[in-house]
Amino acid sequence: MSEQLPAIILLAPLFGALLTGLAGNRDHRRCFPILISALAVSFGCAIALLVQVSQSGPIDYFVGGWNTERVPLGVGIQLRIDALNALLLVVITTVALLTAVYSFRRAGEENTEKTPQFYMLFQMLCVGLLGITVTADAFNLFVLVEVSSLTSYALVAMGSKSRGTVAAFNYLIMGTVGASFYLLGVGYLYMQTGTLNMAAIHEILADPAFGKSSTVFVAFILILVGVWIKMAFFPLYGWLPNAYSYCPSTTSCLLAPLMTKVSVYVMIRVMLSIFGADWVFQSLGWSHTVVWLAVIAILAGSVLALAQVELKKMLCYLIVAEVGYMVGGAWLANHWGMVGAIYHILADAFMTLCLFIAANIFIKHCRADRIDQLEGLFKRMPLTSTGFVVGALAMIGVPPTAGFFSKWYLLRGGIESGQWGYVIALLVSSLVNAVLFFRIIEIAYFGKNPAESHDHAHDEDSHQGQAGEATLLGGEGRPATVIPLLITAAIVILLGVFNAPVVEIIQQALEGMPVVGAAAAAR
Amino acid sequence: MDSVVHSSLPLWACLASLLAAPAIVLFRRELFLREATTFVAAFVKFGLVLAMLPIITSGKVIEFTLVEGFGGVVAPILFRVDGLGMLFALVASSLWIVTSLYAIGYMRGLHEHSQTRFFAFFAISLSATLGVAFAGNLLTLYLFYEMLSLATWPLVTHHQDKEARTGGRTYLTYLLGTSIGFALPALIFTWIKSGGDLSFAGDAILASADLGPAQGLILLLAFCFGFSKAGMMPFHSWLPGAMVAPTPVSALLHAVAVVKVGVFCVIRVFTAVFGVDLLAKLGVATVISWIAAFTVIVSSLIAMSQDNLKRRLAFSTIGQLSYIVLGVSLLSAHAVQGSMMHIAMHAFGKITLFFCAGAIFVATGKKYVSQLSGLGKTMPFTMGAFAIGAMSVTGVPPTGGLLSKFYLVWGAADAQQFALLAVYLVSSVLNGVYFFPVVYRAFFKPAPEGEAAVEGIREAPLACVLPLSITAVGSVLLFFFPGLLLELTKLMTGAQ
């Protein structure tokens, strides 16, 4: 059983989707339990895999028993789980599970007659994302990227707003362009190496003869640009803000934390496992250029976020900045930069989830999607506000949240590699985030028009008696929305406090791809 | 080297007030229980700190690791109580008891709103303060430093009006801006330079690091400006801005906890991060000395021109904080000792002054120095305490302020910095110039014509007057019984 875990983690949501279609159409109430149990199975598998991998090293799984004894590597479909993607599997399944809980009754309200379809797409999206993470085959990766993209286009378009449809169309065009670029790149690689298996390609490319090969060079650039479109790396971010802010709230909670992060993972995987860091950082030597692009992405994302009046739009532009963090970190070409980038994938997934759930609750219960409509929120929804504040502090980078420690590693990488532009961009972006979030916290705390002076001394405790009872928790959303938020907030803090074991696992993963060390040593 | 005792006492001392915060919220309608919770927490906290005192005075240190660090990955989160941390914790936790009493009198006297929130965040702030005092490495220090900035924001903006919003913005902009912009990169740079060591134990962190004078200067400036709670110019404006807070907040947080956390961090940077030897070798501390000296003089001059009593006290605080920074930057053992003592002496003196300002406001609604004529007759206890507080901050016997100033001047003489010695003397005169007119006006000027002559004594509520009398007496007692302070500070300077 336990050796089948890599397959089960994918099959659970796949069959879940099937079952939802079969059973859920008659009675919409059956959808939710199916969804939860499918994701719970995946979540259990992910945890088990993480434990297994961190104890006994990477797991190779050959789908259908096409193992290397009978046929050469690359003919069968291979799944490979190392410490890096085991961590990501846990993140994806946790986020999906929390979002699923959040969607309880919510999804039904937002797409009344399409609930089963919605949940089918939800689970297919999980299959796609999990598949991207576990696959060891460059072409299968494309297929799974398409699975996740196609489902996400539909999920975005499901919103009742017509703007959502337009955004989905825009997203579809850009997403398809990105995927095509990726496929084209894989084609060039296949032309040169004759295999699609990541490890096999890596082995062939290790030959110094390929160091200056223009075919490999073109392949890399195409793949990189394709992935950059998928992750909304500045200036290729145009599709993201509308797609994520005009879609149904459950969709935004699922897509915003996961899609861009998984794409960053793909980039790191391509860099380290297919091409190898030696090739990427030394033969190509674009490290400085890409870090500067990341600097621009961070600054542009922050400034654009500052210009927004809608809460969700603002969060979307923050994602653009955060993607800059991760791309920059990965391209710093040293160990700690890469550790920081990977850690930030995990941290940012939960931070983003936290903020999106909170924002969606605000929007639902206050009918306020603009920042200046959030007055007096802290009094009305203390728990939701707490969740939001935790997310905000993590984005600013206040210890001991996860956001602080990802900055810690990224800054360390930046200082060690002497990329001062990147260091400054990170700090500036932290400060901009502080401004952004305290602007909101201020409005939520003070109200829009604070009283002119404090001479309005009134003893609130005396008349708090009756009013207090109703307001302390009465204004909160449903438990099904608030509980996932609080769990996420707790994860954001715990992931920060106990970051050392997580980083140990990341370092273990990077030992398997020794290249970062080699490149750093060569500097 | 000093031996280490492992004990969870520092953690509990730190948690005592943090755990009180939910209880305070829970009892939000049982006013008696709510206030009682604050007191119980304050006494428990003080008791726990006292329980650690014998261990510290016997020359040992207490350590407790909260979260293990993995070598080379990230520093652990750990507590380490030494003489300096003990001194600061004693001051903060003992004054919290007094301030709680005062806060109840003040907040009820003025019928302030949202008192539950006020007391809850007050308790959280105290936890953060003790966290800083007991921090065993730079990471832990930074963690609690940030926690304190954020936990005090709702207190500073308590009135929730326009003025509070502006004050709160300035407050956070300066404190968060500098800590993220300067202190955080400095922290990481230190981590890299020291090869993954941020601990305050043993030799200074950078003692054996390869550091040029230019790098050293930039790092030192980044730390000193990064911990801008120390209020060195040009990053001082948050302090007068924070005076919009209710007076108990100004008293405890902005004369004791928050600002002292700032100078505490600076002292740690000098003694435990760089180490006196390295700084002497690099010769960069003089830059800080002169910035601090500039701050001392200029803030005293500004204080003279402030008519708002609390603002005058705020600028006085800025000057006194720079005394401490200046002292430690002189790098001589006596000056460092004086700096550490001044944390306690100034805390007692300044908290008395703030309490008085608040008591005057509660009793008469007066905020400006020019309105205080004749007040000595109606509020003799308050104004008497004010006089004692002013004497202590100025350094007039028989108050504690004299002792720490004596050590600071002694240290300046040791360091052969006679120009800086003159700064201390001149600024002491200036302190007198901006404080004693207030006392003179209260006791010797007749009340203005327009006001109805009030017969007899009309003091603020007892809950306000009692605390300020206690701290005033404390200031005097510190002059006669400074033994414990001297002992604790000697532990620190002896260890260097």
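So, of the residues in the stretch A:343-367 that are out of contact with any helix residue (DSSP H, G or I) (no Cβ under 6 Å at 6 or more places or on another chain) and within 19 Å of A:Leu436 (Cα to Cα), which turns out to be surrounded by the most Cβ atoms within 10 Å (Cβ to Cβ)?
A:Phe362
For B:Ser94, work out the one condition from (1) more than 12 Å from chain A (Cβ to nearest Cβ); (2) more than 17 Å from the chain's Cα centre (by Cα); (3) not acidic (Asp, Glu) it doesn't fulfil.
(2)
For the stretch A:377-389, enumerate the residues that are in contact with a Ser or Thr (Cβ under 7 Å, 6 or more places away or on another chain) and within 12 Å of chain B (Cβ to nearest Cβ).
Once the filter is applied, which keeps residues that are in contact with a Ser or Thr (Cβ under 7 Å, 6 or more places away or on another chain) and within 12 Å of chain B (Cβ to nearest Cβ), the stretch A:377-389 yields A:Phe378, A:Lys379.
Which residue out of A:Ser214, A:Ser252 is out of contact with any His (no Cβ under 6 Å at 6 or more places or on another chain), of a type in the set (Gly, Ala, Ser) and buried (at least 23 other Cβ atoms within 10 Å of the Cβ)?
Selected residue: A:Ser252, the only one of A:Ser214, A:Ser252 that is out of contact with any His (no Cβ under 6 Å at 6 or more places or on another chain), of a type in the set (Gly, Ala, Ser) and buried (at least 23 other Cβ atoms within 10 Å of the Cβ).
Could we say that B:Asp210 is free of Cβ contacts under 8 Å to residues at least 40 places away in the same chain, within 12 Å of chain A (Cβ to nearest Cβ) and charged (D, E, K, R) here?
No.
Of all residues in the stretch A:420-461, count the ones that are among the polar types (S, T, N, Q), modelled with pLDDT under 85 and over 21 Å from B:Lys162 (Cβ atoms).
0
State yes or no: is A:Met326 surrounded by 24 or more Cβ atoms within 10 Å (Cβ to Cβ) and under 20 Å from A:Gly238 (Cβ atoms)?
yes
Of all residues in the stretch B:377-393, count the ones that are among the β-branched types (Val, Ile, Thr) and surrounded by fewer than 24 Cβ atoms within 10 Å (Cβ to Cβ).
Residues flagged as among the β-branched types (Val, Ile, Thr) and surrounded by fewer than 24 Cβ atoms within 10 Å (Cβ to Cβ) within the stretch B:377-393 amount to 1.
Test of understanding: among A:Val280, A:Val303, A:Val295, which residue is over 18 Å from the mean Cα position of the chain (by Cα) and surrounded by fewer than 22 Cβ atoms within 10 Å (Cβ to Cβ)?
A:Val303
So, in the stretch A:466-511, of the ones that are buried (at least 17 other Cβ atoms within 10 Å of the Cβ) and of a type in the set (Gly, Ala, Ser), which residue ends up modelled with the highest pLDDT?
Here the answer is A:Ala489.
Can you tell me which condition A:Ile363 does not meet? The list is (1) assigned to a helix (DSSP H, G or I); (2) modelled with pLDDT of 85 or more; (3) closer than 26 Å to A:Gly238 by Cβ, and all the others hold.
Going through the list (1) assigned to a helix (DSSP H, G or I); (2) modelled with pLDDT of 85 or more; (3) closer than 26 Å to A:Gly238 by Cβ, A:Ile363 breaks only (2).
As an exercise: evaluate A:Asn433 against (1) more than 7 Å from chain B (Cβ to nearest Cβ); (2) without any contact (Cβ under 8 Å) to a residue 40 or more places away in the chain; (3) assigned to a helix (DSSP H, G or I) and give the number of the one condition it does not meet.
(2)
Given the conditions (1) within 11 Å of chain A (Cβ to nearest Cβ); (2) in contact with a Ser or Thr (Cβ under 7 Å, 6 or more places away or on another chain); (3) not β-branched (Val, Ile, Thr), which single one is not true for B:Leu253?
(1)
Pick from B:Phe225, B:Phe189: which is of a type in the set (Phe, Trp, Tyr), part of a helix (DSSP H, G or I) and within 11 Å of chain A (Cβ to nearest Cβ)?
Step by step, each of B:Phe225, B:Phe189 is checked, and only B:Phe189 is of a type in the set (Phe, Trp, Tyr), part of a helix (DSSP H, G or I) and within 11 Å of chain A (Cβ to nearest Cβ).
Any chance the stretch B:115-126 includes a residue that's surrounded by fewer than 22 Cβ atoms within 10 Å (Cβ to Cβ), within 11 Å of chain A (Cβ to nearest Cβ) and of a type outside the set (Phe, Trp, Tyr)?
Yes, there is a match, as at least one residue in the stretch B:115-126 is surrounded by fewer than 22 Cβ atoms within 10 Å (Cβ to Cβ), within 11 Å of chain A (Cβ to nearest Cβ) and of a type outside the set (Phe, Trp, Tyr).
Do you know which of the residues in the stretch A:224-245 that are among the aliphatic types (A, V, I, L, M) and within 16 Å of the chain's Cα centre (by Cα) is farthest from A:Tyr171 (Cα to Cα)?
Among those that are among the aliphatic types (A, V, I, L, M) and within 16 Å of the chain's Cα centre (by Cα), it is A:Val227.
With the requirement that a residue be of a type in the set (Ser, Thr, Tyr) and more than 10 Å from chain B (Cβ to nearest Cβ), what does the stretch A:402-428 give you?
Correct list: A:Ser406, A:Ser417, A:Tyr422.
Among (1) in contact with a strand residue (DSSP E or B) (Cβ under 9 Å, 6 or more places away or on another chain); (2) within 11 Å of another protein chain (Cβ to nearest Cβ), where does B:Phe134 come up short?
Going through (1) in contact with a strand residue (DSSP E or B) (Cβ under 9 Å, 6 or more places away or on another chain); (2) within 11 Å of another protein chain (Cβ to nearest Cβ) one by one, B:Phe134 breaks only (2).
Is it the case that B:Ala89 is surrounded by fewer than 20 Cβ atoms within 10 Å (Cβ to Cβ) and part of a helix (DSSP H, G or I)?
So B:Ala89 does not fit the description; no.
I'd like to check something: does the stretch B:47-57 contain any residue that is in contact with a Lys or Arg (Cβ under 7 Å, 6 or more places away or on another chain) and surrounded by 18 or more Cβ atoms within 10 Å (Cβ to Cβ)?
No.
Could you tell me whether the stretch B:36-52 includes any residue that is at negative phi, out of contact with any Phe, Trp or Tyr (no Cβ under 8 Å at 6 or more places or on another chain) and in a strand (DSSP E or B)?
Scanning the stretch B:36-52 turns up no residue that is at negative phi, out of contact with any Phe, Trp or Tyr (no Cβ under 8 Å at 6 or more places or on another chain) and in a strand (DSSP E or B).
For the stretch B:78-91, state whether one or more residues are aliphatic (A, V, I, L, M), more than 21 Å from B:His6 (Cβ to Cβ), away from chain A (no Cβ under 12 Å) and touching a Cys at 6+ places or on another chain (Cβ under 9 Å).
no
Test B:His346 against the criterion of being assigned to a helix (DSSP H, G or I) and either modelled with pLDDT of 90 or more or within 16 Å of B:Gly231 (Cα to Cα) (or both), and give yes or no.
Yes.
Report, by residue number, each residue of the stretch B:145-175 that is within 8 Å of chain A (Cβ to nearest Cβ), buried (at least 23 other Cβ atoms within 10 Å of the Cβ) and within 24 Å of B:Val74 (Cα to Cα).
The one that is within 8 Å of chain A (Cβ to nearest Cβ), buried (at least 23 other Cβ atoms within 10 Å of the Cβ) and within 24 Å of B:Val74 (Cα to Cα): B:Glu146.
A:Ala199 is checked against (1) modelled with pLDDT under 85; (2) under 20 Å from the mean Cα position of the chain (by Cα) and fails just one. What number does that condition carry?
Result: A:Ala199 fails condition (2) only.
Out of the residues in the stretch A:133-160 meeting the condition of being in contact with a Pro (Cβ under 9 Å, 6 or more places away or on another chain) and not in a helix (DSSP H, G or I), tell me which one is farthest from A:Ile229 (Cα to Cα).
A:Ser160
Could you list, ordered by first residue, the pairs with Cβ atoms under 8 Å in which the first is in the stretch B:88-108 and among the charged types (D, E, K, R) and the second is not in a helix (DSSP H, G or I), at least 6 apart or interchain?
Short answer, once both residue conditions are applied: B:Arg108/B:Pro461.
The values are calculated or read from the model by the stated rules, or taken from the named source; none is laboratory data. For clarity, every value in this text was computed on a predicted model and none was experimentally measured. Note that we place each Cβ from the backbone using ideal geometry, even for glycine, and neighbour counts take in every protein chain shown.
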